[in-house]
Amino acid sequence: MANILSRLLGHTKQENAANDALVMQQKSLEQAKKERQSVLDRMKQAVLNNPYPTYLSTSPAQEYQKTLQDRMAGKGLIDVNAETAPYATQRRSGLEKENAVISSAASARGLGRSTIPVSQIGQASQAAERDIAERMSDLELARQEQIGTAVNQYGGVAANEANSQVGRVNYNVGNEGDLSNLELGISGKNQTDTNSIGNLIKQNGAEAAANQLVRFEMVKQGILAAVSAGAGGAGGASGIAGAEGLSYSKIPGLSNGLQNEFAIQDAKRNLSLVNR
(Lines give C-alpha, C1' and ligand atoms only; values in the text may rest on other atoms or scores of the structure.)
Protein backbone atom coordinates (compact mmCIF):
# COMPACT_ATOMS: atom_id res chain seq x y z
CA MET A 1 0.00 0.00 0.00
CA ALA A 2 2.78 2.44 0.88
CA ASN A 3 4.54 1.61 -2.39
CA ILE A 4 1.43 2.41 -4.42
CA LEU A 5 0.93 5.72 -2.59
CA SER A 6 4.58 6.62 -3.19
CA ARG A 7 4.20 5.96 -6.89
CA LEU A 8 1.05 8.09 -7.02
CA LEU A 9 2.84 10.99 -5.37
CA GLY A 10 5.75 10.56 -7.80
CA HIS A 11 3.44 11.01 -10.80
CA THR A 12 1.91 14.09 -9.19
CA LYS A 13 5.35 15.68 -8.73
CA GLN A 14 6.17 15.02 -12.37
CA GLU A 15 2.98 16.75 -13.49
CA ASN A 16 3.64 19.71 -11.20
CA ALA A 17 7.16 20.06 -12.54
CA ALA A 18 5.89 19.93 -16.13
CA ASN A 19 3.27 22.58 -15.37
CA ASP A 20 5.86 24.82 -13.71
CA ALA A 21 8.12 24.48 -16.75
CA LEU A 22 5.19 25.35 -19.01
CA VAL A 23 4.43 28.50 -17.02
CA MET A 24 8.07 29.60 -17.18
CA GLN A 25 8.16 28.94 -20.92
CA GLN A 26 4.98 30.97 -21.41
CA LYS A 27 6.42 33.91 -19.47
CA SER A 28 9.68 33.75 -21.43
CA LEU A 29 7.90 33.70 -24.79
CA GLU A 30 5.58 36.52 -23.75
CA GLN A 31 8.59 38.64 -22.80
CA ALA A 32 10.21 37.84 -26.15
CA LYS A 33 7.00 38.91 -27.90
CA LYS A 34 7.02 42.25 -26.06
CA GLU A 35 10.67 42.84 -26.95
CA ARG A 36 10.01 42.12 -30.63
CA GLN A 37 7.12 44.57 -30.62
CA SER A 38 9.32 47.15 -28.91
CA VAL A 39 11.91 46.83 -31.67
CA LEU A 40 9.22 47.26 -34.32
CA ASP A 41 7.78 50.31 -32.56
CA ARG A 42 11.23 51.92 -32.30
CA MET A 43 11.89 51.35 -35.99
CA LYS A 44 8.55 52.90 -36.94
CA GLN A 45 9.29 55.92 -34.76
CA ALA A 46 12.75 56.25 -36.28
CA VAL A 47 11.20 56.39 -39.75
CA LEU A 48 8.76 59.08 -38.61
CA ASN A 49 11.56 61.10 -37.01
CA ASN A 50 13.78 60.93 -40.10
CA PRO A 51 11.71 61.87 -43.16
CA TYR A 52 13.37 61.95 -46.55
CA PRO A 53 14.61 65.52 -47.21
CA THR A 54 13.26 66.78 -50.52
CA TYR A 55 15.18 69.49 -52.39
CA LEU A 56 12.90 72.35 -51.40
CA SER A 57 12.65 71.20 -47.79
CA THR A 58 16.13 72.67 -47.21
CA SER A 59 16.67 76.33 -46.36
CA PRO A 60 19.35 77.06 -49.03
CA ALA A 61 17.11 75.68 -51.78
CA GLN A 62 14.16 77.71 -50.52
CA GLU A 63 16.26 80.89 -50.51
CA TYR A 64 17.55 80.14 -54.00
CA GLN A 65 14.02 79.55 -55.25
CA LYS A 66 12.85 82.87 -53.75
CA THR A 67 15.73 84.73 -55.43
CA LEU A 68 14.85 83.29 -58.82
CA GLN A 69 11.17 84.08 -58.35
CA ASP A 70 12.07 87.69 -57.51
CA ARG A 71 14.25 87.99 -60.59
CA MET A 72 11.55 86.60 -62.84
CA ALA A 73 9.24 89.24 -61.33
CA GLY A 74 11.81 91.97 -62.11
CA LYS A 75 13.16 92.31 -58.59
CA GLY A 76 16.82 92.27 -57.65
CA LEU A 77 17.95 92.90 -61.23
CA ILE A 78 20.27 95.52 -62.69
CA ASP A 79 18.83 98.99 -62.12
CA VAL A 80 19.37 100.47 -65.57
CA ASN A 81 18.70 104.06 -64.57
CA ALA A 82 20.83 103.87 -61.45
CA GLU A 83 23.67 102.23 -63.33
CA THR A 84 23.45 104.72 -66.23
CA ALA A 85 23.21 107.91 -64.19
CA PRO A 86 26.91 108.19 -63.18
CA TYR A 87 28.04 107.52 -66.73
CA ALA A 88 25.54 110.01 -68.17
CA THR A 89 26.65 112.69 -65.70
CA GLN A 90 30.29 112.11 -66.54
CA ARG A 91 29.64 112.05 -70.28
CA ARG A 92 27.63 115.25 -70.26
CA SER A 93 30.20 116.96 -68.09
CA GLY A 94 32.82 116.07 -70.66
CA LEU A 95 30.53 117.39 -73.40
CA GLU A 96 30.43 120.82 -71.79
CA LYS A 97 34.20 120.98 -71.75
CA GLU A 98 34.30 119.79 -75.35
CA ASN A 99 31.81 122.47 -76.42
CA ALA A 100 33.90 125.13 -74.69
CA VAL A 101 36.97 123.99 -76.62
CA ILE A 102 35.06 124.10 -79.92
CA SER A 103 33.73 127.60 -79.25
CA SER A 104 37.18 128.88 -78.24
CA ALA A 105 38.79 127.47 -81.37
CA ALA A 106 36.11 128.97 -83.59
CA SER A 107 36.53 132.41 -82.01
CA ALA A 108 40.27 132.28 -82.47
CA ARG A 109 39.78 131.71 -86.18
CA GLY A 110 37.11 134.40 -86.44
CA LEU A 111 34.35 131.92 -86.81
CA GLY A 112 32.57 132.73 -83.59
CA ARG A 113 29.29 133.51 -85.37
CA SER A 114 29.67 130.85 -88.01
CA THR A 115 27.43 127.82 -88.25
CA ILE A 116 30.47 125.59 -88.17
CA PRO A 117 31.06 125.58 -84.40
CA VAL A 118 27.33 125.28 -83.84
CA SER A 119 27.26 122.20 -86.03
CA GLN A 120 30.28 120.73 -84.28
CA ILE A 121 28.75 121.32 -80.88
CA GLY A 122 25.52 119.67 -82.06
CA GLN A 123 27.38 116.65 -83.35
CA ALA A 124 29.31 116.33 -80.08
CA SER A 125 26.09 116.55 -78.13
CA GLN A 126 24.45 113.85 -80.25
CA ALA A 127 27.47 111.63 -79.82
CA ALA A 128 27.30 112.02 -76.06
CA GLU A 129 23.60 111.16 -75.92
CA ARG A 130 24.15 108.24 -78.27
CA ASP A 131 26.84 106.90 -75.92
CA ILE A 132 24.50 107.25 -72.97
CA ALA A 133 21.69 105.50 -74.87
CA GLU A 134 24.00 102.65 -75.87
CA ARG A 135 25.04 102.26 -72.25
CA MET A 136 21.41 102.04 -71.18
CA SER A 137 20.68 99.55 -73.96
CA ASP A 138 23.56 97.33 -72.89
CA LEU A 139 22.37 97.42 -69.28
CA GLU A 140 18.79 96.63 -70.29
CA LEU A 141 20.03 93.70 -72.35
CA ALA A 142 21.98 92.41 -69.36
CA ARG A 143 18.84 92.86 -67.24
CA GLN A 144 16.76 90.77 -69.64
CA GLU A 145 19.48 88.13 -69.67
CA GLN A 146 19.23 87.99 -65.88
CA ILE A 147 15.51 87.25 -66.19
CA GLY A 148 16.11 84.57 -68.83
CA THR A 149 18.80 82.96 -66.74
CA ALA A 150 16.47 82.98 -63.71
CA VAL A 151 13.75 81.28 -65.74
CA ASN A 152 16.16 78.54 -66.85
CA GLN A 153 17.54 78.09 -63.37
CA TYR A 154 14.03 77.91 -61.94
CA GLY A 155 13.40 75.00 -64.27
CA GLY A 156 16.39 73.29 -62.68
CA VAL A 157 14.91 73.91 -59.24
CA ALA A 158 11.65 72.29 -60.34
CA ALA A 159 13.54 69.31 -61.79
CA ASN A 160 15.57 68.87 -58.60
CA GLU A 161 12.42 68.97 -56.51
CA ALA A 162 10.68 66.44 -58.77
CA ASN A 163 13.66 64.07 -58.54
CA SER A 164 13.79 64.41 -54.78
CA GLN A 165 10.06 63.65 -54.57
CA VAL A 166 10.71 60.42 -56.47
CA GLY A 167 13.53 59.69 -54.05
CA ARG A 168 11.21 60.29 -51.13
CA VAL A 169 8.61 57.91 -52.54
CA ASN A 170 11.26 55.22 -53.02
CA TYR A 171 12.56 55.87 -49.52
CA ASN A 172 9.09 55.55 -48.01
CA VAL A 173 8.28 52.46 -50.05
CA GLY A 174 11.56 50.90 -48.98
CA ASN A 175 10.88 51.66 -45.33
CA GLU A 176 7.35 50.33 -45.59
CA GLY A 177 8.68 47.16 -47.17
CA ASP A 178 11.32 46.74 -44.48
CA LEU A 179 8.77 47.33 -41.72
CA SER A 180 6.30 44.98 -43.39
CA ASN A 181 8.92 42.25 -43.64
CA LEU A 182 9.85 42.80 -40.02
CA GLU A 183 6.21 42.60 -38.97
CA LEU A 184 5.76 39.40 -40.96
CA GLY A 185 8.87 37.95 -39.36
CA ILE A 186 7.69 38.92 -35.89
CA SER A 187 4.22 37.56 -36.60
CA GLY A 188 5.71 34.29 -37.80
CA LYS A 189 7.95 34.02 -34.76
CA ASN A 190 5.04 34.81 -32.43
CA GLN A 191 2.96 32.16 -34.16
CA THR A 192 5.79 29.66 -33.81
CA ASP A 193 5.98 30.44 -30.10
CA THR A 194 2.21 30.11 -29.80
CA ASN A 195 2.34 26.73 -31.55
CA SER A 196 5.18 25.69 -29.28
CA ILE A 197 3.13 26.54 -26.20
CA GLY A 198 0.14 24.75 -27.69
CA ASN A 199 2.23 21.66 -28.30
CA LEU A 200 3.56 21.80 -24.75
CA ILE A 201 0.03 22.14 -23.39
CA LYS A 202 -1.09 19.23 -25.54
CA GLN A 203 1.91 17.17 -24.48
CA ASN A 204 1.34 18.00 -20.82
CA GLY A 205 -2.35 17.16 -21.23
CA ALA A 206 -1.51 13.84 -22.82
CA GLU A 207 0.99 13.05 -20.09
CA ALA A 208 -1.52 14.09 -17.44
CA ALA A 209 -4.18 11.85 -18.99
CA ALA A 210 -1.72 8.97 -19.18
CA ASN A 211 -0.68 9.57 -15.58
CA GLN A 212 -4.35 9.67 -14.58
CA LEU A 213 -4.84 6.29 -16.22
CA VAL A 214 -1.82 4.98 -14.35
CA ARG A 215 -3.29 6.30 -11.13
CA PHE A 216 -6.54 4.52 -11.74
CA GLU A 217 -4.65 1.32 -12.40
CA MET A 218 -2.68 1.86 -9.18
CA VAL A 219 -5.87 2.60 -7.24
CA LYS A 220 -7.45 -0.52 -8.68
CA GLN A 221 -4.43 -2.51 -7.53
CA GLY A 222 -4.73 -0.87 -4.11
CA ILE A 223 -8.41 -1.72 -3.92
CA LEU A 224 -7.79 -5.34 -4.79
CA ALA A 225 -4.85 -5.49 -2.39
CA ALA A 226 -6.99 -3.96 0.35
CA VAL A 227 -9.80 -6.40 -0.30
CA SER A 228 -7.38 -9.34 -0.36
CA ALA A 229 -5.75 -8.17 2.85
CA GLY A 230 -9.08 -7.53 4.55
CA ALA A 231 -8.16 -3.92 5.09
CA GLY A 232 -11.70 -2.71 5.36
CA GLY A 233 -12.75 -2.92 1.69
CA ALA A 234 -14.06 0.44 0.68
CA GLY A 235 -12.26 2.17 3.53
CA GLY A 236 -8.81 1.17 2.23
CA ALA A 237 -9.61 2.14 -1.33
CA SER A 238 -11.22 5.39 -0.30
CA GLY A 239 -8.13 6.23 1.75
CA ILE A 240 -5.90 5.85 -1.30
CA ALA A 241 -8.31 7.77 -3.51
CA GLY A 242 -8.63 10.50 -0.92
CA ALA A 243 -4.86 10.85 -0.59
CA GLU A 244 -4.63 11.48 -4.38
CA GLY A 245 -7.65 13.81 -4.50
CA LEU A 246 -9.68 11.42 -6.68
CA SER A 247 -13.46 11.24 -6.61
CA TYR A 248 -15.36 7.98 -6.86
CA SER A 249 -18.79 9.32 -5.94
CA LYS A 250 -20.21 7.98 -9.23
CA ILE A 251 -18.94 4.46 -8.74
CA PRO A 252 -21.55 1.98 -7.49
CA GLY A 253 -20.40 -1.00 -5.53
CA LEU A 254 -17.12 0.56 -4.32
CA SER A 255 -18.09 -0.44 -0.80
CA ASN A 256 -17.82 -4.02 -1.96
CA GLY A 257 -14.21 -3.42 -3.14
CA LEU A 258 -15.06 -3.49 -6.87
CA GLN A 259 -12.63 -1.87 -9.33
CA ASN A 260 -13.45 1.55 -10.80
CA GLU A 261 -14.12 0.57 -14.39
CA PHE A 262 -16.10 3.73 -15.17
CA ALA A 263 -13.28 6.03 -14.09
CA ILE A 264 -10.71 4.00 -16.01
CA GLN A 265 -12.80 4.20 -19.18
CA ASP A 266 -13.12 8.01 -18.71
CA ALA A 267 -9.35 8.31 -18.42
CA LYS A 268 -8.82 6.26 -21.57
CA ARG A 269 -11.34 8.39 -23.45
CA ASN A 270 -9.66 11.62 -22.25
CA LEU A 271 -6.26 10.34 -23.34
CA SER A 272 -7.67 9.53 -26.78
CA LEU A 273 -9.15 13.06 -27.17
CA VAL A 274 -5.91 14.75 -26.15
CA ASN A 275 -3.87 12.74 -28.64
CA ARG A 276 -6.04 13.63 -31.61
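The values are calculated or read from the model by the stated rules, or taken from the named source; none is laboratory data. Bear in mind the structure is a predicted one, so any value in this text is a computation, not a measurement. Heads up, the Cβs are rebuilt from the backbone with ideal geometry, glycines too, and the neighbour counts pull from every protein chain shown.
Assorted remarks:
- Pair list, Cβ under 8 Å, 6 or more apart: region 141-154 residue closer than 18 Å to GLU83 by Cβ and of a type in the set (D, E, K, R), other residue modelled with pLDDT under 95 and assigned to a helix (DSSP H, G or I): ARG143/VAL80
- Residue check for SER164: polar (S, T, N, Q), over 30 Å from GLN25 (Cβ atoms) and in contact (Cβ under 8 Å) with a residue 60 or more places away in the chain: yes
- Flag for ALA100 being surrounded by fewer than 12 Cβ atoms within 10 Å (Cβ to Cβ), hydrophobic (A, V, I, L, M, F, W, C) and more than 30 Å from ASN50 (Cα to Cα): yes
- Matching residues in region 46-75 - criterion: being exposed (fewer than 12 other Cβ atoms within 10 Å of the Cβ) and of a type in the set (Ser, Thr, Tyr): SER59
- Candidates are the residues of region 76-95 that are of a type in the set (A, V, I, L, M) and assigned to a helix (DSSP H, G or I); the one that is surrounded by the most Cβ atoms within 10 Å (Cβ to Cβ) is LEU95.
- When restricted to residues that are part of a helix (DSSP H, G or I), of a type outside the set (D, E, K, R) and over 14 Å from GLY156 (Cα atoms), region 52-71 contains 3.
Matching residues to (1) at pLDDT 85 or above; (2) more than 59 Å from the chain's Cα centre (by Cα):
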{"position": "LEU77", "(1), (2)": "yes, no"}
{"position": "THR89", "(1), (2)": "yes, yes"}
{"position": "SER104", "(1), (2)": "no, yes"}
{"position": "GLY112", "(1), (2)": "no, yes"}
{"position": "GLN123", "(1), (2)": "no, yes"}
{"position": "ILE132", "(1), (2)": "yes, yes"}
{"position": "LEU139", "(1), (2)": "yes, no"}
{"position": "GLN146", "(1), (2)": "yes, no"}
{"position": "THR149", "(1), (2)": "yes, no"}
